[in-house]
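Single-structure report; data block below.
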Amino acid sequence: MGYSQISHNPLVATHSNAHQLCPHTRNLTNKQLDAIKETKGMVGVNFAPAFLRPDGKMIAETDIQLIVDHFKYFIDYLGEEYVGFGSDFDGAMMPKNLSSVLGMTL
């Protein structure tokens, strides 16, 4: 049975990260990513440190490179058209160097 039996619509995980990089129970396993991929769904990367860091700590002293690592993992696994920003600026602690959406500019 294929994953498409879960839903006839695309599966969307709006505030999620890769379990492969951070083994938090909230993060998506490759099996879950397979279901999202099969339905042409999408994932929005969450910037909260506990969901980024391999140690699962919710501390502001978190390197924003971890966000990039999760984006890269999802892009490599799903394709760039299926990955977006979930951020969670309105409800979670952010890494110290990314306190608001303004920190996302180059």
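Provide the convex hull volume over Cα atoms per residue for the stretch 10-99, in Å³. Intermediate values should be presented prior to the final figure.
Values: hull volume 7.2 nm³, N = 90.
Roughly 80 Å³ of hull volume per residue.
Can you tell me how much longer the chain between Arg26 and Lys72 gets when fully stretched, taken as 0.36 nm per residue apart minus their C-alpha distance, in nm with one decimal? The partial results should precede the final answer.
Numbers: separation 46, 0.36 × 46 = 16.56 nm, distance 1.87 nm.
Taking 0.36 nm per residue and subtracting the Cα distance, the gain is 14.7 nm.
Using a simple spin-label model with points 7 Å from Cα along the Cα→Cβ vector, what separation in nm is obtained for Lys40 and Asp90?
2.8 nm
For the chain, give the magnitude of the charge dipole about the Cα centre (Cβ charges: +1 Lys/Arg, -1 Asp/Glu; no others), in debye to the nearest 20. Display every interim value, and only then the final one.
Working: 8 positive and 11 negative charges, 36 e Å.
My answer is approximately 180 debye.
For Ala60 and Ser100 in the same chain, what is the full-extension length gain: residue separation times 0.36 nm, less their Cα-Cα distance, in nm? Intermediate values should be presented prior to the final figure.
Working: separation 40, 0.36 × 40 = 14.40 nm, distance 1.27 nm.
Difference between extended and current length: 13.1 nm.
Each reported figure results from applying straightforward, stated rules to the coordinates on display, with no laboratory input. As the structure is a computational prediction, the values presented were derived from the model and not from experiment. Here Cβ is always computed from backbone atoms with ideal geometry, including for glycine, and neighbour counts include all displayed protein chains.
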